[in-house]
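Below is one structure, written out as structure tokens; comments come after it.
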Amino acid sequence: MTFKTLLASAATMAALSTPAFALGPINLAFAGPEDAKVDGEYVFAEAFRNSLAAHDVEVRINPNNTMGKEDERLDQVSTGLIEVNLGNPAMLFKMSPISPALYLPFMFESEQQMDDVVAESGILDQVNAQTADYGVMIPGFNMRGGLVGIFTTDIPVTKMSDLEGVRLRAQNGEQIKFFESWGAKGTVVSFAEVPNALQTGVAQGYFNPPSSAIKARHTDILTDFVPLDAMPVARVIMLSSDWYGSLSEEEQGWVDAAVDDGIAANRQWSASYGADLINELGNLGVTVTELEPGERDKFVEATKAIWDEAADPAIVDELEGYLD
């Protein structure tokens, strides 16, 4: 092999293994489908792409975990192999110890309240100071539509005591603590295994918004839903810090505007989609039962009593200071 050939080969290998930090084409990856009807992250992705298209910048949308599952995509956005990743909160928790406070049940009663507190508090500055160590920027969040309640299999819930001993699928150990404060039991099950867990009785329900059950088609198994209005469901927008830092000031402005356009489109979608979810559950055969008067207050009281076990108490106090 000649020296010139060796150099060419080395350059080719470097090009394949090293991120090419340029504005385009931009890879945007997420877990869900390319379906603007049921997936708010795809709504964000479309608006983000259309915004940058006005500057002749190509955005390649990669849905359905085609660029890897959550952990793999986090690694890739951290190293700049993916420029934009739309991930789940658990990935944010790995990078930012203060971020779980944003996801406490009954902290926020609406998407708008969460948006307002995030904007007014400057909490994202503190979050980004922590995620910077991982090469990731967090410019905001995507909403999935609707607020969280409890789904069950043939167990109507009208008061907190109805959950006594009921096994609820949990995402992690922290969620189990909340369930136990309500008298329920928790069992950690991956989302992919939820149908089997519900069918076999390993779990008898879960704590999710209506959009999750509808999108995952769990409504064939789950029969009852009680709206707790416990929290919005916010997914995390992640940008590669190295990539963003390589852009000119003008190009960064284009990306910032594209993120803003994507979030605006997501919120418009969520308001429309979320408003009809309860009716959609009824159409799918799920019985929606309201809590008896005063029962939601019991959930709130029991949950707030253990907030400081699940999140940084100083951050909890700070966020509470911005609540109406």
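The values are calculated or read from the model by the stated rules, or taken from the named source; none is laboratory data. Everything numeric in this text was worked out from a predicted model, so none of it was measured. No Cβ is skipped: glycine too gets one built from the backbone with ideal geometry, and neighbour counts run over all protein chains shown.
Summary table below
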read-out: The stretch 106-135, residues that are in contact with a strand residue (DSSP E or B) (Cβ under 8 Å, 6 or more places away or on another chain) and of a type in the set (Val, Ile, Thr); value: Val118, Val127, Thr131
read-out: Filtered residues of the stretch 204-221 (kept if among the hydrophobic types (A, V, I, L, M, F, W, C) and buried (at least 24 other Cβ atoms within 10 Å of the Cβ)); value: Ala213
read-out: Filter result for Phe106 (on the phi < 0 side of the Ramachandran plot and among the aromatic types (Phe, Trp, Tyr)); value: no
read-out: Leu92 vs. criteria buried (at least 19 other Cβ atoms within 10 Å of the Cβ) and either out of contact with any strand residue (DSSP E or B) (no Cβ under 8 Å at 6 or more places or on another chain) or more than 20 Å from Pro209 (Cβ to Cβ) (or both); value: no
read-out: Identity of the residue in the stretch 132-161, of a type in the set (S, T, N, Q) and part of a strand (DSSP E or B), that ends up nearest to Pro209 (Cα to Cα); value: Thr152
read-out: Which listed residue, of Glu251, Glu301, Glu320, is crowded, with 16+ Cβ neighbours inside 10 Å, charged (D, E, K, R), modelled with pLDDT of 95 or more and out of contact with any Gly (no Cβ under 9 Å at 6 or more places or on another chain); value: Glu251
read-out: Residue among Met160, Met91, Met114 that alone is touching an Asp or Glu at 6+ places or on another chain (Cβ under 7 Å) and under 24 Å from Val38 (Cβ atoms); value: Met91
read-out: Filtered residues of the stretch 268-287 (kept if buried (at least 21 other Cβ atoms within 10 Å of the Cβ) and of a type outside the set (A, V, I, L, M)); value: Trp269, Ser270, Tyr273, Gly274
read-out: Meets criteria (crowded, with 17+ Cβ neighbours inside 10 Å, more than 27 Å from Leu222 (Cα to Cα) and not assigned by TED's automatic domain parsing to the domain that holds Ile82) for Ile315; value: yes
read-out: Near pairs, Cβ below 6 angstrom, 6+ apart or cross-chain, from the stretch 103-131 (under 26 Å from Leu228 (Cα atoms) and in the same structural domain as Asp308 (by TED's automatic domain parsing)) to any residue that is in a helix (DSSP H, G or I) and aliphatic (A, V, I, L, M); value: none
read-out: Residue match in the stretch 189-205 (condition: within 27 Å of Leu102 (Cα to Cα), in contact with a Pro (Cβ under 9 Å, 6 or more places away or on another chain) and in contact (Cβ under 8 Å) with a residue 24 or more places away in the chain); value: no
